[in-house]
Amino acid sequence: MALRFEILGRFNRARAARLILPHYECQTPLFMPVGTQGTIKGLTTNQLEDIGCQIILGNTYHLALRPTSELIDELGGLHKFMNWPRALLTDSGGFQMVSLLHLADITEKGVTFQSPVDGKPMLLTPEESIQIQNRIGADIIMALDDVVKTTITGPRIEEAMYRTLRWIDRCISAHKRPHEQNLFGIVQGGLDPVLRDICVRGLVERNLPGYAIGGLAGGEDKDSFWRVVAQCTAALPEHKPRYVMGVGYPLDIVVCSALGADMYDCVYPTRTARFGTALVPEGVLRLKHKAMEDDMRPIDPTCDCMVCKTYTRAYIHCLVTKDAMGSQLLSYHNLYYMMKLSRGLHSSIVEGRFPEFVCQFLQKMFPQGDVPEWVCNAMEVAGIDISSCSAPFSSLPNKVEDTQNQEVKQ
Amino acid sequence: MKFAVKAWSNGKGRAGVVHCPQPIETPALLLTTRKGLPVFIPPDHLHSNLLHVSPLHFLEGISLKAISNIGGLHPLLGLRDHILVAVPRDSIISIPDHDSTNRIGASFETPCGRMLIKPAEYMEMISSMRPNLWVTLADEVPAWASEKRNKVSVERTLRWLDECITSSSTDGAVFGSIVGGSRVEERRRCAQEVARRNVEGFWIGGFGLGESMEERNPLLSAVTDSLPEEKPRLVSGLGLPEEVLQGVAAGVDLFDSTYIYHLTLGGFALTFELERTDTQITKYQPKSNSGSDGTKINLKATMYRKDISPIVDNCKCYTCQNHTKAYINHLLNVHEMLAHILLEIHNTHHFLGFFRSIREAIQEGKFEQFQQKFIGSRHEHLFSATLSV
Ligand SMILES: [Zn+2]
Ligand SMILES: [Zn+2]
């Protein structure tokens, strides 16, 4: 085990902690931006430090293709290669294969796929995934799991869960750098509480440095989503970090943190920036919109990032989706927003004012009090009273469930 | 704006200072921008305060009224202490289109299509944008334009100059535009006419439009010989290091160069030596697959795959202080935007260093040796590269 996890404060299930990794001492809850190919699109590592990024993600599948894990290893590891002094996390590569390559197929040996380079059949075994991640050298590495879509039902889910458990032992024995890198196991089991329970207990028995909740954020309904998170966080050990994979909408992060999760990753803030969308406390702001043309306000008047301190919406509007600088500046703001959200969660939990923080967050995002039902349900389980910011359900008309698609009207 | 010449080379080259009001030592480089910011360098990594701005870039996406309401380009771009120089043409996405230019206005090829800009419209842009310096609207023609078309362009440019000056309501310094294509007489006539106008400096247009380096020398001299020494001269279209040296030798003070932009897009990094004139001439040792011509390297080349040294060993730029050739090679291979950010940072830093060397050489009275040596080592390199093939 190459980490320490010290809980600094709690509010019911929510916790704020210090996560001490080989390259950085992080504060949780935290959001990890995705730097697929050894860079966060359009930002310098210096800017990432200024923004307050603590851990960034590298995608094993992409890095193994180019520049290859052998080269990264030869040049001293990914930290050195991309000159990132803080923490790194790599995924197993399996998810990328299954989601990017139509011809990926999972057998007991591993994930077979067609090489995108020469079309030859290739095999990624748990052993190989760990070997590649050992070469890349991230602070946290992920076990190869059998990934299935959450929307799939039936025996395939059960098969994948048991296979994930069999593979974790192969990952553990293949792991050559346990004193420098932390292997996290991934809880699978779809939306089935029984399968999730078997998987959690199986992984906890292995006494891993940390655990991830996988197989979510794949199109399942929000009620199922938070219930799986709530079930897993309740069953996972208190003194170890919990990472909900692929989660990145601000609202989801707030809900999961209330339920006791600590870490999140998503391409959303940077990807949406490239399409001209800014994250703001009210939800999202589409800078492409014609109304922005004469808007002399900053993207978010309450944000003190370099972009908001300097530029108007009107100027960003004339850059977005046309000039590289538009996506650079929006990515900067969006990541700054995510880091500010992470800090807000951390400090409000430490300072014992977590419910107030959640209420303020919800109030800005749902000024009419139309907090989605699933959020209310999750908060009830989390023991966070949000009655001050949410209207009783009977008094509201049908609500839009997906808040991310709500336009901010100002 | 104030300008003072501080030193002369043995010929017409000069080193000076433009106060605008911040002092800028000349010869100086105007950084290329897209809508007022460098194409890739983020504002928190921008360490030069002299920028070229094309008012035409703002024709899409933002209204002049909005720019005017916020107080012009400086607050809009968050570059309050920077010197912004407005020139309609940018040689990249705002290209003079002489075929469609007519007596009413100048035509440009832009990403939003062909634009015909009338002097009055142009002046409206200038007064809304409030650049520190601006050049009058010109009718630029390429080197192959007919004698008749060329004459028309001179007359039109002079007429527009008078219109621009008369209708100007801005406190920015005006630079009168000089054209004349590839005819020495027309160049001289235009320069003499502009010199008689009430302008604070001169913009030399119509270069980089198809003329050869050799035929440019007499044209440049015809212009600068006709201009008063005490006013600064800005040229567009001379971008390569050799062309900058040619312009400096002819007495040009300010350059807007798209060289860095093109290098950066192509994956090139400037590597030529920025030594002073009194140090030893170093021998270049070209490698057959280095993608190098002695002044730059192509970081896409496979030989940099494992090269963990910076682009230039003692370079003080952010890129060289933080990243290796191997990393930039990887970023280029996977088409990541950071490659261009890092390259533009280094190339800008390096090219600004080149301008510093030029100024020092002039101040030390060694500009001619500096120019000869630079061009000589380039030739030597090209010669030995030919032999090694
Ligand atoms: Zn901001
Ligand atoms: Zn450098």
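The values are calculated or read from the model by the stated rules, or taken from the named source; none is laboratory data. Since the structure is predicted, the reported quantities are computational estimates derived from the model, not experimental observations. With ideal geometry, Cβ positions are generated from the backbone for all residues, glycine too; neighbour counts draw on all protein chains shown.
Which condition number does B:Val194 fail, the rest of (1) under 21 Å from B:Gly16 (Cα atoms); (2) of a type outside the set (S, T, N, Q); (3) in contact with a strand residue (DSSP E or B) (Cβ under 6 Å, 6 or more places away or on another chain) being met?
If we test B:Val194 against (1) under 21 Å from B:Gly16 (Cα atoms); (2) of a type outside the set (S, T, N, Q); (3) in contact with a strand residue (DSSP E or B) (Cβ under 6 Å, 6 or more places away or on another chain), just (1) comes out false.
Looking only at segment B:293-309, how many residues end up being crowded, with 22+ Cβ neighbours inside 10 Å and either part of a helix (DSSP H, G or I) or within 7 Å of another protein chain (Cβ to nearest Cβ) (or both)?
Residues that pass the stated criteria total 1.
Given A:Ala278, A:Ala212, which one is within 16 Å of ligand 1 (Cβ to nearest atom) and not in a loop (DSSP other than H, G, I, E, B)?
A:Ala278
Assess whether B:Asp139 counts as being in contact with a Phe, Trp or Tyr (Cβ under 9 Å, 6 or more places away or on another chain), among the acidic types (Asp, Glu) and not in a helix (DSSP H, G or I).
yes
I'd like the residue in segment A:388-400 that is of a type outside the set (A, V, I, L, M, F, W, C) and surrounded by 13 or more Cβ atoms within 10 Å (Cβ to Cβ) and, out of all such residues, is modelled with the lowest pLDDT.
The initial filter retains those residues of segment A:388-400 that are of a type outside the set (A, V, I, L, M, F, W, C), namely A:388, A:390, A:392, A:394-395, A:397-399.
Then drop every residue that is not surrounded by 13 or more Cβ atoms within 10 Å (Cβ to Cβ), which leaves A:390, A:399.
On the way: A:Ser390: 89, A:Lys399: 46.
Among residues in segment A:388-400 that are of a type outside the set (A, V, I, L, M, F, W, C) and surrounded by 13 or more Cβ atoms within 10 Å (Cβ to Cβ), the one modelled with the lowest pLDDT is A:Lys399.
Which one of these is more than 9 Å from every other protein chain (Cβ to nearest Cβ) and under 22 Å from A:Thr36 (Cα atoms): B:Lys366, B:Lys325? Please lay out each step first, then the result.
On the way: B:Lys366 fails: under 22 Å from A:Thr36 (Cα atoms).
Exactly one of B:Lys366, B:Lys325 is more than 9 Å from every other protein chain (Cβ to nearest Cβ) and under 22 Å from A:Thr36 (Cα atoms), namely B:Lys325.
Would you pick out the residues in segment A:312-321 that are part of a loop (DSSP other than H, G, I, E, B) and either within 16 Å of ligand 2 (Cβ to nearest atom) or not polar (S, T, N, Q) (or both)?
A:Val320
When residues of segment B:184-242 are filtered for being at positive phi and among the aromatic types (Phe, Trp, Tyr), how many remain?
The total comes to 0.
Go through A:Asp50, A:Asp73 for me and flag whichever is more than 10 Å from chain B (Cβ to nearest Cβ) and more than 19 Å from the chain's Cα centre (by Cα).
On the way: A:Asp50 fails: more than 10 Å from chain B (Cβ to nearest Cβ).
Only one candidate qualifies: A:Asp73.
Check B:Ile67, B:Ile41 and return the single one that is closer than 23 Å to A:Asn46 by Cα, in contact (Cβ under 8 Å) with a residue 24 or more places away in the chain and surrounded by 22 or more Cβ atoms within 10 Å (Cβ to Cβ).
Of B:Ile67, B:Ile41, the one residue that is closer than 23 Å to A:Asn46 by Cα, in contact (Cβ under 8 Å) with a residue 24 or more places away in the chain and surrounded by 22 or more Cβ atoms within 10 Å (Cβ to Cβ) is B:Ile41.
Could you list, in sequence order, the residues of segment A:244-276 that are surrounded by 24 or more Cβ atoms within 10 Å (Cβ to Cβ) and within 14 Å of chain B (Cβ to nearest Cβ)?
Answer for segment A:244-276, where residues must be surrounded by 24 or more Cβ atoms within 10 Å (Cβ to Cβ) and within 14 Å of chain B (Cβ to nearest Cβ): A:Thr270, A:Ala273.
Filter segment A:305-325 down to the residues that are at pLDDT 95 or above and more than 9 Å from chain B (Cβ to nearest Cβ), then identify the one that is surrounded by the most Cβ atoms within 10 Å (Cβ to Cβ).
In this case the residue turns out to be A:Ile316.
Restricting attention to strands (runs of 3 or more DSSP E) lying wholly within segment A:45-124, give those where 2 or more residues are out of contact with any Asp or Glu (no Cβ under 9 Å at 6 or more places or on another chain) and without any contact (Cβ under 8 Å) to a residue 60 or more places away in the chain.
Here the list reads A:121-124.
Quick one: how many residues across segment A:322-342 are more than 14 Å from ligand 1 (Cβ to nearest atom) and either in a loop (DSSP other than H, G, I, E, B) or under 23 Å from the mean Cα position of the chain (by Cα) (or both)?
Total satisfying the criteria: 4.
Under 6 Å between Cβ atoms, at least 6 apart or on separate chains: pull out the pairs that start in segment A:277-300 with a residue that is more than 11 Å from chain B (Cβ to nearest Cβ) and end on any residue that is within 16 Å of ligand 2 (Cβ to nearest atom) and part of a helix (DSSP H, G or I).
Pairs found: none.
Residues checked against (1) surrounded by fewer than 19 Cβ atoms within 10 Å (Cβ to Cβ); (2) at pLDDT 95 or above; (3) in contact with a Ser or Thr (Cβ under 8 Å, 6 or more places away or on another chain); (4) closer than 29 Å to A:Pro250 by Cβ:
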residue: A:Pro33; (1), (2), (3), (4): no, yes, yes, yes
residue: A:Asn46; (1), (2), (3), (4): yes, yes, no, yes
residue: A:Ile51; (1), (2), (3), (4): no, yes, no, yes
residue: A:Phe113; (1), (2), (3), (4): no, no, no, no
residue: A:Pro116; (1), (2), (3), (4): yes, no, no, no
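Inside segment B:310-322, can you point out the residues that are near ligand 2 (Cβ under 8 Å from one of its atoms), assigned to a loop (DSSP other than H, G, I, E, B) and either more than 26 Å from the chain's Cα centre (by Cα) or within 11 Å of chain A (Cβ to nearest Cβ) (or both)?
B:Pro310
Name the single residue that is surrounded by the fewest Cβ atoms within 10 Å (Cβ to Cβ) among those in segment A:101-111 being hydrophobic (A, V, I, L, M, F, W, C) and more than 18 Å from A:Ser69 (Cβ to Cβ). Even if it seems obvious, please write down each step before you answer.
Going through segment A:101-111, the residues hydrophobic (A, V, I, L, M, F, W, C) turn out to be A:101, A:103-104, A:106, A:111.
Checking the rest, the ones that are also more than 18 Å from A:Ser69 (Cβ to Cβ) come to A:101, A:103-104, A:106.
Numbers: A:Leu101: 16, A:Leu103: 12, A:Ala104: 18, A:Ile106: 22.
The qualifying residue surrounded by the fewest Cβ atoms within 10 Å (Cβ to Cβ) is A:Leu103.
Let's see how each residue does on (1) more than 20 Å from B:Ile70 (Cβ to Cβ); (2) more than 16 Å from ligand 2 (Cβ to nearest atom); (3) touching a His at 6+ places or on another chain (Cβ under 9 Å); (4) of a type in the set (D, E, K, R):
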position: A:Pro281; (1), (2), (3), (4): yes, yes, no, no
position: A:Met292; (1), (2), (3), (4): no, yes, yes, no
position: A:Met296; (1), (2), (3), (4): no, yes, no, no
position: A:Asp304; (1), (2), (3), (4): no, yes, no, yes
position: A:Thr310; (1), (2), (3), (4): no, yes, no, no
position: A:Ser327; (1), (2), (3), (4): yes, yes, no, no
position: A:Tyr332; (1), (2), (3), (4): yes, yes, no, no
position: A:Leu341; (1), (2), (3), (4): yes, yes, no, no
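Out of B:Val152, B:Val199, B:Val194, B:Val174, I need the residue that is within 21 Å of B:Ala86 (Cα to Cα) and in a helix (DSSP H, G or I). Which one?
The match here is B:Val194.
B:Val18 fails exactly one of the following numbered conditions: (1) away from chain A (no Cβ under 14 Å); (2) surrounded by fewer than 24 Cβ atoms within 10 Å (Cβ to Cβ); (3) modelled with pLDDT of 95 or more. What is the number of that condition?
Among (1) away from chain A (no Cβ under 14 Å); (2) surrounded by fewer than 24 Cβ atoms within 10 Å (Cβ to Cβ); (3) modelled with pLDDT of 95 or more, B:Val18 violates only (2).
For segment A:326-339, which positions are free of Cβ contacts under 8 Å to residues at least 60 places away in the same chain and more than 8 Å from every other protein chain (Cβ to nearest Cβ)?
A:Gly326, A:Leu330 - these are the residues of segment A:326-339 that are free of Cβ contacts under 8 Å to residues at least 60 places away in the same chain and more than 8 Å from every other protein chain (Cβ to nearest Cβ).
Pull up segment A:230-242, narrow it to residues that are under 29 Å from A:Thr36 (Cβ atoms) and free of Cβ contacts under 8 Å to residues at least 60 places away in the same chain, then point me to the one that is farthest from the chain's Cα centre (by Cα).
Filtering segment A:230-242 for residues that are under 29 Å from A:Thr36 (Cβ atoms) and free of Cβ contacts under 8 Å to residues at least 60 places away in the same chain, the one farthest from the chain's Cα centre (by Cα) comes out as A:Leu236.
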